[in-house]
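What follows is a short report on a single structure.
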Amino acid sequence: MHYQVVSFNYKRCDLDQREALAFTDDDEIRDFLRTLVHFDFMVEAFVINTCNRIEIVSASRDNFATFHAILGLLSRRTGVGFHELAQSAMRYEDEAAVEHLFSVVSSLDSLVIGEAQITGQVKQGFRLSYENGTAGRELNRVLSYAVKCAAEVRNATNISENPVSIASVAVAQAQELMNGSLAGMTGVVVGTGEMGRLAAKHLLRSGADVLLVSRTRETAEALAEELGENVRVGDFAKLKDYLNRYRLLFTATASPEPIITPGMLEEKALDRIWFDMAIPRDVAEMGECNVRLYRIDDLQAISKNNHALRQEQALRASEIVRRYKEEFFRWLQALSVEPVIKRMRLDIDRVVDEEVERVLRKGYLPPEYEANLRYAMKQAFDKYLHQPTRQLRAISKESEGSNAIDAVKRVFGIDTEDVDPRQYKVSIKDNE
């Protein structure tokens, strides 16, 4: 079994390309995954789909074929050329893939280190695939360790103290542009998803009032009730009016097309500051107009000071990630080979019992020799299996080790599907 992550993220993939690659809804992800796992070399896959990254996490029998299948399907879906995608993709395999996923879930690979949303977003991506029947035991094992790793990173470092998100960076930038205070101002927040919710919360903490706007008024009203006073609900049909009345705009909807276009602006002496936190973009290219517009990638530079402040803790967190990666592969090694070895020894015990019973029943030896016979047979089998057992454990550490172990299972008729993996979480000594 091989693990692979094909990543298109803010480090190498620009906003236009991430926008083209982004999945617009869950049904689109489900269709993509069903097509992907239909290949005979694919076992499981799930998608991480956020404003800063589109990643396909997979377990397969062939990393090379999987990478090309993923790029081919993405190219066909988006119209972006195969070779262009290959240039932008960051490809991680096996141990590197596991370490990368642990880093992502621990928020060490985020545009803003320590941001609070990513763990839930990855879990949501896996859950969608699990319910779709395209992810299961293999990737659940990796994700379970990744979540534990993220929990230790949070507990052992202060990297997530005062949780940071793209929304908080946007509000902080607005505050800086307004000479350090948003008191008495109104921030228009379009979208009531997690990003909109966070933007509203940070605006309220900064002393601003919030005008919530959503296509679904009931959702906006529920969020306004949750957030408390100083929050009003606007009418989506009046969005144009709000754009020409208020200076601050924070938008993060799931619309596949821009909801704000140049034609919506009126000529006014209003110095507008807008933050488009959506992918695909909510705000079209505005041309020459009186708007200071910040998009997702603009916030990367703004967050550099935060990044520098967290570097020491990030290094410590990276050590935790590496330790969890090593522990995961030790456990995986134990999980692949130890049940096989245990089942072989249980089969030997059964064979010894049957043969001792047969020898005594046939009268080949008197009953008083039973203990000695049983001991001699056990010793002979143990001595014979000692070297194969060591070899199996050594082979299990190799990249193709699972194929050899599967062959042993087929030859000896060993089934380990009912094994409880929790009993193999303790590291196994190499030379036992």
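Just so it is clear, none of the values below were taken in a lab; they were calculated from the coordinates. In this text, all values refer to a predicted model and were calculated from it rather than measured experimentally. Neighbour counts run over all protein chains shown; Cβ positions are idealised from the backbone, glycine included.
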>> Expected output is a single nm value to one decimal: the length gained when fully extending between Thr35 and Glu355, i.e. 0.36 nm times separation in residues minus the C-alpha distance. What is it?
In response: 110.0 nm
> When Kirkwood radius over Cα pairs in Å is calculated directly from the model, which label among (1) 23.4; (2) 24.2; (3) 25.1 fits?
Replying inline: (3)
> Can you give the angle from 0 to 90° between the axis of helix 26-37 and the longest principal axis of the chain, with both taken from C-alpha atoms, to the nearest 10?
Replying inline: 30
> Tally Lys/Arg at +1 and Asp/Glu at -1 over every other residue whose Cβ is under 12 Å from the Cβ of Asp235; what's the total?
Replying inline: +3
>> Just to verify a number: FRET efficiency for Glu370 and Lys240, C-beta to C-beta distance, R0 = 60 Å, to 0.05?
In response: 0.05
>> Please list, in order along the range 195-206, the HN-Hα scalar couplings obtained from phi with the Karplus expression 6.51 cos²θ - 1.76 cosθ + 1.60 (θ = phi - 60°), rounded to whole Hz, x for Gly and Pro.
In response: 5, x, 4, 5, 4, 4, 4, 5, 5, 5, 5, 7
> Where Lys and Arg each count +1 and Asp and Glu each count -1, what net charge lies around Thr253 among other residues with Cβ under 11 Å from its Cβ?
Replying inline: -1
>> Restricting to bridges with both residues inside the chain, how much of the DSSP beta-bridge set is antiparallel, in percent to the nearest 5?
In response: 45
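Estimate the FRET efficiency between Arg215 and Arg137 by the formula 1/(1 + (r/R0)^6), using the beta-carbon distance for r and 45 Å for R0, to the nearest 0.05.
Details: r = 39 Å, r/R0 = 0.87.
Given R0 = 45 Å and the Cβ-Cβ separation, E is 0.70.
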> If you build a Gaussian network model of the chain, linking Cα atoms that sit under 10 Å apart, which residue out of Glu55, Glu326, Glu229 swings the most?
Replying inline: Glu229
> Which peptide among 96-109, 237-250 comes first, and what is the full order, when sorted by highest mean count of other Cβ atoms within 10 Å?
Replying inline: 96-109, 237-250
>> Between helix 95-105 and the chain, what is the angle of the helix's C-alpha long axis to the longest principal axis, kept within 0 to 90° and rounded to the nearest 10?
In response: 40
>> Let me check against my output: what whole-number percent is the relative contact order of the range 1-73, with C-alpha pairs under 8 Å and at least 6 apart?
In response: 43
> Could you give me the ³J(HN,Hα) list for the range 59-71, computed from phi with Karplus coefficients 6.51, -1.76, 1.60 and θ = phi - 60°, whole Hz, x at Gly and Pro?
Replying inline: 10, 8, 9, 8, 5, 4, 5, 5, 4, 5, 5, 4, 5
> Helix 370-396 versus the longest principal axis of the chain: what angle, 0 to 90°, nearest 10, using Cα atoms?
Replying inline: 40
